[in-house]
Structures are given as structure tokens and as C-alpha cells.
Amino acid sequence: MHSRFFLRALVVVAMFSSLGACRSTSAPSNLYLLTPTTDGKPLTTPHPFHLRITELVLPEYLATQAMLLRTTPQRLEIQESERWAAPLHDTFTRVLMQDLSALLPDSRVTRFSWEDSSEERVSLFLNVLRFDVGNGTAILDAQWRLLDGSGAQVLQSSHHERRVESETFEARAMALSRTVADLGRGIATALATGAAQKNEADSRD
């Protein structure tokens, strides 16, 4: 009786030891963040804006916090030990806001809700179609729309590529961050150009 109990106890101990060994030998997760990388001169506008990021949609395959590598146009590989430190939707929005704020220093950029202000209000609706790395290139494809208080719209599709400087995941995160900055510059340029054209047309009337 005692020998059977002893054998069962040994089996249980062996099982938990095996589980502990599996945990201890598994690769630890490395965490990465998108970061603001806007460079170049800020843009000038005829008057300040209050730019609101009203909607930002990412493709469903980016819902995981594991980093992805595109090995073929049809295949994505999940890198379980290389992970984003926070949900991409949150960090993408935050970094885009910071990039836009750096490009439009006289204006305000907020997320989702309006704040009381005297600046002209413009809403940004952004649909990201692709955001990943494959064959040493970070790619961001997006469709976006600017809508001002008068109902005037700017509709754009944009494609941005950045070469990855090395095969490290840190370099991949940096290249993806730069595509977000490129997207931000395109949005800020459209906003500044439209405002300048509108101001010129108003001055002629």
C-alpha cells in the first residue's frame, strides 16, 4: 500500500518537474515598440487646426501581439518569442499622433473625441490595409480621408516602403515606425496644401 502511494507521488513530482523544465527552457519574449521617427522640417499652415483621429482600423491579422514575418505574399509566420510590448492599434495611434504633432506644431492632434478649441476642426479616418515586413522591406498600405467642418473631403490611398537595415527584430520595428512617419507626412502635407489652397481662393473672392 505504502509502496503504491510512494510510486504515485514520484510520478506526480516527475510530471511537475518536467513542466518546470519546459518552462525554464522556453525562449523568453523580447518586446518591441513603434516609435515616433519624423524627420525634416515641420509644415506651415495658414491657420492652426484641431486634427482628430476619429477612426483607425488595422487588419485583423495584426490583433496578435506576436510579431509577424511575411515569407510569401500569401503566408505570414508568427514569431512567438518576438512580441509587441502593447497592442498595435494603441501604439500605432499614439505614434501617428506624435508624428503629426511634430509635423504640425501650431495645430493640435487628439484621439477620437473633440476638445473645445477655436481651431478649425478636421477629422481623420484611416484604414490600414497592410503593415508588416517581408523580404527585408517594411510595407504600409493605407486608405485615409480628411473631413473638415464644411464637409469638404480629401481622399487618398498611400503606399510606403522602408528597407530594414538588418535582420534583427529591433530593425524591423524601426523600419515599420518609419513607414508610420511617412504616412503622417503624407496626411500633414495634404492638410497643409488644402488649407493653403482654400486660403488663397478665399483671398481672391
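What follows is calculated from the coordinates using simple rules that are stated; it is not laboratory data. Source: prediction; values computed, not measured. When we count neighbours, we look across all protein chains shown, and the Cβ atoms used for this are built from the backbone with ideal geometry, even at glycine.
Overview of results
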| read-out | value |
| --- | --- |
| GluC sites (Glu not before Pro) within the range 70-141: DSSP coil, no more than 10 neighbouring Cβ in 10 Å | Glu115 |
| Förster radius 22 Å - calculated FRET efficiency between Ala171 and Glu55 (Cβ-Cβ, nearest 0.05) | 0.10 |
| Arg145 versus Ala63: modelled label distance in nm, points set 7 Å from Cα along the beta carbon direction | 2.4 nm |
